[in-house]
Amino acid sequence: MTARLGVDLGATWLRACLSNGKSALWTERVHATAWRDAPAALRRLLKKHGLRRVDELTLAARASEARKDARR
């Protein structure tokens with residue numbers, strides 16, 4: 001199975017959806033986190049669902065904390 005994780009890092013919520021490429025396996029919504037803390041938040045979500053890694057990750061964020069951060 002190919003594990004594909006889509007993440008929306010919003011101002012209020014962090015939304016995540018794990019897919020096998022054909023259908024959603026699970027979705028989660030947790031309180032938003034700073035983009036710098038997103039890796040730790042994602043590791044917690046994966047651990048909660050018994051996963052150690054994903055094959056593909058798509059991360060979307062509407063705003064960043066500073067202009068220079070947007071370039072990263």
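The values are calculated or read from the model by the stated rules, or taken from the named source; none is laboratory data. Quantities reported herein were computed from a predicted structural model and do not represent experimental measurements. FYI the Cβ positions are ideal-geometry reconstructions off the backbone, even for glycines, and counts take in every protein chain you see. These accessible areas exclude ligands, DNA and RNA; they are computed on the full protein's heavy atoms, side chains included. Shrake-Rupley method; radii C 1.70, N 1.55, O 1.52, S 1.80 Å.
One table, with the values for the structure above:
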{"quantity": "Ranking by accessible area, most exposed first, for TRP13, TRP26 with a 1.4 Å probe", "calculated": "TRP13, TRP26"}
{"quantity": "Among ALA24, ALA38, ALA16, residue whose mean-square fluctuation peaks in a GNM of the chain (springs only between Cα atoms under 10 Å)", "calculated": "ALA24"}
{"quantity": "Spin-label pair CYS17/ASP55, simplified geometry with 7 Å Cα→Cβ offset, distance in nm", "calculated": "1.8"}
{"quantity": "Chain lengthening between THR33 and LYS47 when straightened (0.36 nm per residue, less Cα-Cα)", "calculated": "3.3 nm"}
{"quantity": "The chain: translational diffusion in µm²/s, Stokes-Einstein, Kirkwood Rh over Cα pairs, 37 °C, 0.692 mPa s", "calculated": "259"}
